[in-house]
Amino acid sequence: MKIAALQMVSGISREANLARARALLTEAAEAGAELAVLPEYFCLMGRQERDKLALRETLGAGPVQDFLARSARALGLWIVGGTLPLRSDDDDHVFNSTLAYAPTGECVARYDKIHLFRFDSGTGESYDEARVIAPGRQPVCFDLEARDGQRWRVGLTVCYDLRFPELYRALARQGADLLLVPAAFTHTTGQAHWEVLLRARAIENLAWVCAAAQGGTHENGRRTWGQSLIADPWGQVRAQQATGEGVVLAELDAAHLKQCRTQLPALTHCVLS
């Protein structure tokens, strides 16, 4: 099964971002991808954190969800919609949610980002997602049947989750053999840790990893790392793009997954939970 990690440099206009996302989704579909993964905040990188509140949607209704469902149907794609703001239990917070859509346009999975990013460089660069984002609680997987009949168990994670291996091991225990990481890693932290963490999560869980990132300098002044990639269960990077918009494509190989897990059955040797 061919998959695509879509790299964007999203701006402050939801409509412009959706138009760019549609162009990249179309490119992925035309290249033969069956699954396309958008980056975190693909629909909005606002001027300030609270801009997310104005665009929040209720699950099942809203312009971004309509866009994802419509695009999945029109292009015949499985689409994992990066993240979008979904309504929480209070007016001051939203969930940073990933929604997965089948080619029928049906939403088949929702994951709310569990771990919320906080960083202070001490030199003026600082972030605290908890100011406007409510944390999720549950790991989430869904099943994807490829055109060749192969069934893939897909685990959903987002950005800062990458630093918490226990989440990925929980997904592996649920049978995940493909781990998705839509992200908007900062340039500072991405340069230091992005690729090594992604490869580690692939190696630890003997799973394919597809990481779709924001990558460039945004209208709001934020600079993201990019380096969207697809890694195999042995931790080898199969495809990658440095910065700027683009479609990163790779062919998932179920036989290679099985071979890695047979040769090194580490997942069966776990003794701690």
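The values are calculated or read from the model by the stated rules, or taken from the named source; none is laboratory data. Only a predicted model underlies this, so the values are computations on that prediction, with no experimental measurement involved. Virtual Cβ from ideal backbone geometry, glycine too; neighbours counted across all protein chains shown.
Below, the figures for the structure above:
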read-out	value
So L171, is it farther than 25 Å from C43 by Cα and under 15 Å from the mean Cα position of the chain (by Cα)	yes
Some residue of segment 144-155 being at pLDDT 95 or above, touching a helix residue (DSSP H, G or I) at 6+ places or on another chain (Cβ under 8 Å) and under 26 Å from S10 (Cβ atoms)	yes
Index of the failed condition, Y127 passing every other in (1) closer than 21 Å to C159 by Cβ; (2) in a helix (DSSP H, G or I)	(2)
Looking only at segment 22-57, and only at residues there that are without any contact (Cβ under 8 Å) to a residue 60 or more places away in the chain and assigned to a helix (DSSP H, G or I), the one that is farthest from A239 (Cα to Cα)	A54
Subset of segment 214-235 [surrounded by fewer than 21 Cβ atoms within 10 Å (Cβ to Cβ) and either aromatic (F, W, Y) or without any contact (Cβ under 8 Å) to a residue 24 or more places away in the chain (or both)]	G221, W234
Selection within segment 26-63 - over 19 Å from the mean Cα position of the chain (by Cα), of a type outside the set (S, T, Y) and surrounded by fewer than 16 Cβ atoms within 10 Å (Cβ to Cβ)	E30, A31, G32, R47, Q48, E49, R50, A54, G60, A61, P63
L162 vs. criteria in a helix (DSSP H, G or I), modelled with pLDDT of 95 or more and farther than 24 Å from L99 by Cα	no
Flag if V181 is crowded, with 21+ Cβ neighbours inside 10 Å and in contact with an Asp or Glu (Cβ under 6 Å, 6 or more places away or on another chain)	no
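Rundown of residues vs (1) of a type outside the set (S, T, Y); (2) surrounded by 15 or more Cβ atoms within 10 Å (Cβ to Cβ); (3) without any contact (Cβ under 8 Å) to a residue 40 or more places away in the chain, yes/no style:
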position: S88; (1), (2), (3): no, yes, no
position: F95; (1), (2), (3): yes, yes, no
position: G136; (1), (2), (3): yes, yes, no
position: R147; (1), (2), (3): yes, no, no
position: V154; (1), (2), (3): yes, yes, no
